[in-house]
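Student: Here it is, the structure in full.
Please treat every number below as a calculation from the coordinates, not as lab data. Everything quoted here is computed from the prediction, not taken from an experiment. Positions of Cβ are backbone-derived with ideal geometry, glycine not excepted, and every protein chain shown enters the neighbour counts.
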Amino acid sequence: MVVASQLRVGVVVKFEGQDYKVIATEYRPGQGRMSGAMHARLRNLDTGTIWEHAFRSELKLEEIPLDKHTLDFLYADENHCCFMDPENFEQTEIPRALIGVQARFLEAGMRLAVEFVAGRPINVLFPDVLEVKIAHTAPPAHQQQDTNFKPATLDNGVEVMVPQFVKTGDTIRLDIDNLRYMDRAKAKRT
């Protein structure tokens, strides 16, 4: 059991018969004789819907154990992405819808952490930043200010906005959660 005032991001709880993962929390103290409340944004693990709720700070919730395993990505089809445990070679299929847009960034052999609740995968954890290659973009325009952005298509077909000086073939660092350009990747020395 966990007291609502101690809810933290990443915790999985059962509330009214449903399993939820805590996405965001904010504690608001009470005034006078009113007790405080924990405002939480929760994702339903069965439906994927987001729900916001204010819990009384003293309410006790059932905490569900969350397991993390590092798995290797093998391949993807239209509906599923297949991962393998490198220790026991057990394969796990994860619905593509659960991974979301980030599924387009999966590459064979990529090693990622996968969260499980009661043996069921609930989330794939990507690194905050990925290095990706520009497949196509307009030629660089050096006379324009660097604050102007232009569209660029990555090797995997995803379109992002990049500064004017970026050219086709460049490798950039991308904020994977927001699909935002961060900077150019450093050239690797051989």
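Student: Cα gyration tensor of segment 2-64, axes a ≥ b ≥ c as square roots of the eigenvalues: rounded (a/c below 1.5), prolate (a/b > b/c) or oblate?
Tutor: Prolate shape, in that a/c is at least 1.5 and a/b is the bigger ratio.
Student: What net charge is computed for the residues neighbouring VAL22, neighbours being all others with C-beta under 14 Å from the C-beta of VAL22, Lys and Arg scored +1, Asp and Glu -1?
Tutor: Local charge sum for VAL22: -1.
Student: HN-Hα J couplings of segment 21-27 from phi, Karplus 6.51/-1.76/1.60, θ = phi - 60°, integer Hz, Gly and Pro as x?
Tutor: Values per residue, Gly and Pro as x: 10, 6, 9, 8, 9, 8, 8 Hz.
Student: Could you rank the peptides 120-127, 14-21 by their average count of other C-beta atoms within 10 Å per residue, with the highest value first?
Tutor: Ranking, from highest mean packing down: 120-127, 14-21.
Student: If you don't mind, there's one more thing I want to ask. Given the -39500 (n - 2.57) contribution per DSSP H run of 4+ residues, what per-residue ellipticity at 222 nm results for the chain, rounded to the nearest 500 deg cm²/dmol?
Tutor: After summing the helix terms and dividing by residue count, I get -500 deg cm²/dmol.
Student: Take ASP77, ASP155 and order them by how many other Cβ atoms sit within 10 Å, fewest up front.
Tutor: So the residues, fewest neighbours to most, are ASP77, ASP155.
Student: While we're here: Which shape class applies to the chain: rounded if a/c is under 1.5, otherwise prolate when a/b exceeds b/c and oblate if not, where a ≥ b ≥ c are the square roots of the Cα gyration tensor eigenvalues?
Tutor: The shape class here is oblate.
Student: Give the shape of segment 67-125 as rounded, prolate or oblate, defined through the alpha-carbon gyration tensor: a ≥ b ≥ c are the square roots of its eigenvalues, a/c under 1.5 means rounded, and otherwise the shape is prolate if a/b is larger than b/c and oblate if not.
Tutor: oblate
Student: Could you go through segment 121-134 in sequence order and give the Karplus-derived ³J(HN,Hα) for each residue, using 6.51 cos²θ - 1.76 cosθ + 1.60 with θ = phi - 60°, rounded to whole Hz, and x for Gly and Pro?
Tutor: x, 10, 6, 10, 9, 8, x, 5, 10, 10, 8, 10, 9, 7
Student: Next question, about the same structure. Can you return the lysines within cross-link range of LYS133? Criterion is Cα-Cα under 19 Å, with same-chain partners fewer than 8 residues away left out.
Tutor: Hits, sequence-local ones excluded: LYS150, LYS167, LYS186, LYS188.
Student: Taking amide H positions as placed 1.01 Å from N in the peptide plane, with prolines and chain starts having none, which residues 5 or more places from HIS80, or on another chain, fall under 5 Å of its amide H?
Tutor: Under 5 Å from the amide H of HIS80 lie the amide H atoms of ARG96, each far enough along the sequence or on another chain.
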